[in-house]
Structure formats: C-alpha cells, structure tokens
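In what follows, a structure is listed as structure tokens, so that the remarks can point back to it.
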Amino acid sequence: MNLQKKQNTFITIVFLSAVFVVMLTLSALTPLIADDFNYAFNWSYNDSLIRIDNYKLLWDSMAAHRYYTHGRVLAQGLVSLFLMWPRWIFFAANAFLVTAFSAALIHFYSRNGVEKPLRATACVLALCWICMPAFGQIFLWLDGACNYFWAAGFAFILLEGVFSLQQGKAKTARMLLLLPLSFAVGSWSEHISFAALMIQSLYLFWLWKNEKKLLVRESLLLLGGCGGYLYLMMAPSMLPSILKDRAREAAESHAQTLFSSLASHTWLILLMLFGLAGFVILLKRQSDKQARFLLLVQMALVLCLGAGLCFGIKELMDSGFYDLISSTPVGFLSLMCVFFFALLCALKQKLQDEALRMPLILFFGGLSALIPFSVAMYVPARGFCAPTVFTAIAAVLLLEKTEITHGRVAAKIFAIIFSILFLIGCEDMIAVHHADMERQSAIRQALASDGILVASPYPEKTKYSAQYGLQDLAADEDWPKDMIKEYYGLKEIIVLPENEEG
C-alpha cells in the first residue's frame with residue numbers, strides 16, 4: 001500500500017513538473033505586446049511618460065488607474081510589478097500558477113471519487129487548449145494572463161478550498177488563511193470574480209436547501225469575496241452612473257451585432273426554431289420530470305452541435321483553416337457539446353443527484369460570468385475564460401463518473417485533435433518568438449546608431465499566439481507604436497509590411 005502511494009506521488013510530481021516546464025516554455029515564447037507597454041509607465045502623469053521603477057510610483061499609478069480607468073488595480077498592479085522585474089520572473093510565476101491550478105484539479109477530482117485524477121486533469125488542460133478562445137492572450141500574454149487566467153486559476157483554488165473546508169482538521173485556521181484570497185478573487189475582475197461568487201452562492205444554497213446545512217465558515221468566505229467585489233465595482237471609474245452610461249452604449253452595440261449575426265445565419269435561426277417547436281411538442285407528451293430534463297439536454301446538444309457546424313463551415317469557407325481553429329463561437333460551442341454529451345450520458349445511466357450537483361453548479365456559475373462582461377465597453381473573446389474553464393472541469397467530472405460506449409475510440413480521436421492543434425499552436429508561437437528576436441536585435445542596432453527602428457508586424461496565425469487579433473506595429477496607427485518607442489528609448493519606428501525585411 002505504501003509502495004503504491006509512493007508511486008502515485010511520484011507520478012503526480014512528474015505530471016506537475018511537466019505542466020510547469022511546458023507552460024514556462026510557452027510563456028517564454030511570448031513577447032511583450034499591446035497593453036503591456038502601457039503598464040510599464042506611470043498612469044498618474046498625463047503630460048509625460050515616466051517608467052515605473054519603484055513601488056511608490058507603482059502605488060501612485062494604480063491609484064490613478066482606479067480613479068480614471070477601472071477598478072482592476074490588483075491585476076493591473078501585478079502587470080506593472082512584473083514589468084519592473086526581469087522577464088523570467090513572470091514566466092516562472094505564470095507557469096507556477098498553472099501548475100498550482102492543476103494541483104487543485106487533482107485534489108478536486110480525487111476528493112470527488114474520480115479513479116484517475118491525473119487523467120481528468122490532463123483532459124481539462126487539453127480542453128482548454130482546444131476550446132479556449134484567444135488561448136495565447138488568456139494564458140501567455142502578460143496583461144491578459146494576469147487579468148483572465150490568473151483570476152480563474154485563483155478562483156478555482158479558492159473554490160476547492162471552500163468545497164473541501166469541512167474535511168480534515170483546523171477548519172477555522174484554514175478559513176482564516178483563505179479569507180485574504182477570497183477578497184483578492186472578489187476584487188480581481190468584473191466577470192470572473194462574479195462567476196466565483198455565483199458558484200459559492202449556488203453551492204451554499206444547494207446545501208441549505210437539500211441538506212439543511214448553513215455553513216458558517218464558507219459563508220464568511222463568500223462575504224469576504226463580496227467585499228472584494230464591492231471594492232472593485234465602487235471604484236470612482238466604475239461608479240453606477242458611469243456603468244449605466246457604458247451599459248447603454250454597450251447594449252445598443254451588442255443588439256446591433258446580435259441582429260446582424262442572426263440575419264447572416266438564417267440556417268441557424270431555422271434550426272433553433274425547429275428545435276424549440278420540437279421540444280414544446282414533445283414536452284407536452286412527457287409526464288416524467290427526469291424524461292423532460294433528458295429531453296432538454298438532448299435538444300441543447302443538438303442546438304450546440306448545429307450552431308457549431310454552422311459557424312465552423314462559414315468560418316472555413318470565408319477565412320480558412322487557421323481562423324476556423326481560432327473561432328470563438330466554434331471553440332466555445334464545441335465545449336458546450338462536450339458538456340451536454342457528458343450530461344446526457346450521466347442522465348441515461350441514472351447518476352444520483354449528488355453526482356450531478358457539482359458539475360451543474362460549476363457550469364451555471366461559469367456561464368454567469370457573461371452577464372457582467374456583457375456591459376463592458378468591449379467584448380473580446382477573452383470574456384469566455386471563466387465559462388470555458390469551469391465548463392471543462394464540469395464536463396470532465398461527468399465523463400469520469402459515467403461509462404461511455406466506445407470511450408477508447410473517442411479518447412483516441414480527442415488525443416489526435418489535441419496533438420494536431422498543439423503542434424500548430426507551438427509552430428505559431430515559435431514563429432512569433434523568432435520575429436520578436438529579430439525585432440529585439442534590430443532595436444539594439446537602432447539604439448547603437450541613429451535610434452530609428454525599421455520593423456514588420458508579428459506574423460501571427462492562430463489564437464495560440466498572444467498577438468492574434470491585437471494591435472501591433474502599423475504604419476497608420478500611433479498606438480502602441482508610440483509606447484514601444486518610449487519603452488525602448490527609440491527616436492522613430494518605421495513600419496514595413498508584414499514579412500518584408502528592411
């Protein structure tokens with residue numbers, strides 16, 4: 001027994017070490033881009049750019065940021081902090097957080113009775129690679145990672161602490177240790193923090209309703225998170241009156257985008273109407289509550305599959321293969337198909353309500369992140385970080401709890417898809433890294449001569465490059481060209497067309 005435990009511990013250490021090395025390598029392949037350069041400078045000076053090189057300037061910068069921009073000073077303060085330090089510190093910290101997230105997943109699946117928690121954890125990471133929109137921006141980009149995956153990673157670590165708080169000893173001591181983390185998670189971002197609070201609320205409500213338990217310590221952690229969220233949302237730059245104006249503008253923009261998108265997907269509208277009509281007709285013939293729920297899940301699976309195929313075919317026809325694998329709708333709908341398929345298998349095998357509780361809480365709590373994010377002044381693909389992370393965790397938990405016919409065949413197909421996309425993503429990141437090395441060499445040469453940099457934009461292709469979809473050097477755009485010029489101390493930047501040497 002001791003030998004088996006030692007072997008399992010050794011395998012776990014090897015697995016987590018591999019995660020750390022892979023993430024360290026991928027992070028090191030990602031250059032500074034876009035907003036990174038903004039946060040290298042003090043935001044409290046409007047008329048001149050001053051590099052942040054001490055903690056007093058960092059404090060002043062974040063105070064001004066909270067007043068004029070938004071309340072995410074914890075995340076943005078970390079970005080400025082990392083930009084004060086050597087680059088390798090962020091690479092190591094980013095790799096460590098993904099590794100800590102993976103360790104929390106292993107603990108979560110082990111505690112929930114999953115036979116092979118390492119396999120389950122590997123599946124979650126693979127699903128994030130395949131389905132996460134703007135993967136490079138969420139996991140690898142300095143500013144993006146600190147704002148998105150770091151929020152989701154810390155949120156899940158906190159949630160696993162909340163879920164397992166009743167087990168073991170020193171419950172009050174562990175609660176007190178988690179309290180600062182709960183405040184930090186609550187004050188991290190408008191959307192991922194909201195999802196974490198929703199998951200905690202649903203978990204406590206479920207226990208109170210079904211088991212008549214009011215968990216005091218867990219409730220205090222929820223209150224700590226709510227306090228952090230109030231601190232975030234009550235920043236002068238995010239007061240209700242300002243949010244109201246922003247929400248009105250964003251709602252009008254979203255409505256126009258939604259209607260134009262639906263108008264260009266008549267096929268999808270007909271499919272949804274057909275599915276809804278079929279559901280209503282069949283629902284009237286069903287008297288069993290379980291049968292109704294099963295039917296609802298079947299319809300959701302069909303709709304997600306149909307919508308995913310619709311978006312996928314259109315993306316492939318209009319833009320090509322690289323945009324297909326980078327598509328936000330295709331990636332997220334693919335994950336939704338996996339979740340509803342797993343839920344369908346669980347219902348058909350009549351899993352107990354207890355086994356369905358946690359996956360459903362994670363799924364609906366993760367989706368709730370889209371509610372506050374929908375009133376942001378911009379809605380990038382990065383907003384799907386929390387729904388993707390928590391849906392992937394929930395789907396894998398359901399799959400591990402059920403016996404799937406032809407499961408080995410499905411696993412092989414899944415492994416092939418992951419392997420292909422992993423190679424494509426690494427190739428893209430290596431190409432951008434090579435272009436960045438050439439740019440850094442050109443910057444050194446320019447600084448040693450006339451201070452004029454001649455460079456081309458980065459040659460990104462897929463969502464695995466953090467540069468994908470973000471503004472880089474452009475001849476007709478001052479930002480971030482002016483920031484890059486100030487960051488390196490250049491006199492001028494001349495932008496050549498992509499891939500043209502100068």
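Each reported figure results from applying straightforward, stated rules to the coordinates on display, with no laboratory input. The structure presented is a predicted model; accordingly, all values stated were derived computationally and were not measured. Here the Cβ is made from the backbone with ideal geometry for all residues, glycine too, and neighbour counts use every protein chain on show.
An ellipsoid equivalent to the chain, defined through the eigenvalues of its Cα gyration tensor, has semi-axes of 38, 28, 25 Å when rounded to whole angstrom and sorted largest first. Between Leu447 and Asp482, the FRET efficiency estimated from the beta carbon spacing at R0 = 25 angstrom works out to 0.90.
Each of Val216 and Met437 was given a label point 7 Å from its Cα along the Cα-to-Cβ line. The distance between the two points is 6.0 nm. Here the dipole of region 427-495 is about 160 debye; that uses its Cα centre as origin and unit charges on the Cβ of Lys and Arg (positive) and Asp and Glu (negative). Relative to the longest principal axis of the Cα atoms of the chain, helix 55-68 runs at roughly 70 degrees.
Computed from the C-beta positions of Ile430 and Leu230, the FRET efficiency with R₀ = 35 Å rounds to 0.20. Here is the link list: Lys116/Lys348; Lys56/Lys461; Lys6/Lys171; Lys212/Lys350. Which ones come out longer than 31 Å on Cα distance? Where the Cα-Cα span goes over 31 Å, the pairs concerned are Lys56/Lys461. With the alpha-carbon atoms of region 391-467 aligned to their principal axes, the span from lowest to highest coordinate is 67, 21, 14 Å, starting with the largest. Treating the Cα atoms of region 450-502 as identical point scatterers in vacuum, please give the log10 of the normalised Debye intensity I(q)/I(0) at q = 0.20, 0.26, 0.31 Å⁻¹, two decimals. Taking Cα atoms of region 450-502 as identical point scatterers yields -0.73, -1.07, -1.24. Relative to the longest principal axis of the chain, what angle (0 to 90°, nearest 10) does the C-alpha long axis of helix 240-263 take? The helix 240-263 is inclined about 70 degrees to the chain.
Here each label is just a point 7 Å from Cα along the line to Cβ, and for Arg51 and Arg119 those points are 5.2 nm apart.
Over region 427-495, what is the relative contact order in whole percent, taking alpha-carbon pairs under 8 Å and six or more residues apart? So the answer I get is 37 percent.
Taking 8 Å as the Cα distance limit and 6 or more residues as the minimum spacing, I'd like the relative contact order of the chain as a percentage. The value is 19 percent.
Cβ crowding within 10 Å, taken as a proxy for footprinting-reagent exposure, orders His70, His191 from fewest neighbours to most as His70, His191.
Extension gain for Glu354-Met317 works out to 8.9 nm (0.36 nm per residue, less the C-alpha to C-alpha distance).
Among residues other than Tyr322 whose Cβ falls under 13 Å from its Cβ, what is the net charge (Lys/Arg +1, Asp/Glu -1)? Net of charged neighbours comes to -4.
Legend: translational diffusion of region 34-96 by Stokes-Einstein, Rh = Kirkwood radius over C-alpha pairs, 20 °C, 1.002 mPa s; D = 180 µm²/s. Label positions at Leu294 and Glu492, each projected 7 Å from the Cα along the C-beta direction, are separated by 7.4 nm.
Could you give the longest part of the chain that holds none of the trypsin sites (Lys or Arg not before Pro) found in DSSP loops with at most 15 neighbouring Cβ atoms within 10 Å? The segment 1-168 is the longest one with no such site.
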